[in-house]
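Have a look at the structure below, then the notes.
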Amino acid sequence: MLDEVDDRGKKYFRTAQFSTYELAEKFLIWRWSTTARTVRGLRPLGPHLYKRGYSTDVTLASTDSEFKTEVKSSAGSAILAEPYSVIFSHLMAKPLADLELMVRDGLT
């Protein structure tokens with residue numbers, strides 16, 4: 001489970017859940033890359049992936065929250081709010097090394 005704190009110090013509980021440590025790691029790498037890429041004036045990965053809609057490699061399941069979707073892939077499952085669930089559906093099955101290459105593109 002992932003909790004988040006915003007820039008005003010407000011804490012949000014259970015904003016994301018992952019079935020494996022590797023999925024949580026991929027999610028955090030992607031989220032951190034958004035800040036790093038923005039600081040460097042590079043395009044974040046999210047908007048491009050969001051425009052594509054959910055990956056065809058995942059299945060979706062409803063949750064007890066109307067704001068969150070469970071996304072299942074061969075790599076495991078994640079429960080995320082939109083738009084994160086859409087974007088992350090494209091990253092879940094990617095090998096960690098490939099995700100890191102995507103993130104670093106233009107940063108070095």
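The values are calculated or read from the model by the stated rules, or taken from the named source; none is laboratory data. Note that this is a predicted model, so its numbers are computed, not measured. Because the Cβ atoms are built from the backbone with ideal geometry, glycine has one as well, and the counts that use them run over all protein chains shown.
When residues in the range 69-90 are screened for being within 12 Å of A24 (Cβ to Cβ), in contact (Cβ under 8 Å) with a residue 60 or more places away in the chain and of a type in the set (A, V, I, L, M), 3 of them pass. Restricting attention to the range 1-20 and to residues that are of a type in the set (S, T, Y) and modelled with pLDDT under 95, the residue that is surrounded by the most Cβ atoms within 10 Å (Cβ to Cβ) turns out to be T15.
What about A81, is it within 13 Å of the chain's Cα centre (by Cα) and either of a type outside the set (S, T, N, Q) or surrounded by fewer than 12 Cβ atoms within 10 Å (Cβ to Cβ) (or both)?
yes
Taking residues in the range 18-39 that are of a type in the set (G, A, S), and partners anywhere that are not in a helix (DSSP H, G or I), the pairs with Cβ atoms closer than 7 Å and at least 6 places apart or on different chains are S19/G76; S19/S77; A24/L2; A24/F18; S33/L45; A36/L107.
All of L107, L49, L45 fail the test of being in contact with a His (Cβ under 6 Å, 6 or more places away or on another chain), closer than 25 Å to D7 by Cβ and in contact (Cβ under 8 Å) with a residue 40 or more places away in the chain, apart from L49. Inside the range 44-80, can you point out the residues that are at positive phi and either part of a strand (DSSP E or B) or not small (G, A, S) (or both)? The one that is at positive phi and either part of a strand (DSSP E or B) or not small (G, A, S) (or both): G76.
From the list L45, L28, pick out the single residue that is among the hydrophobic types (A, V, I, L, M, F, W, C), modelled with pLDDT under 90 and under 16 Å from M102 (Cα atoms). The match here is L45.
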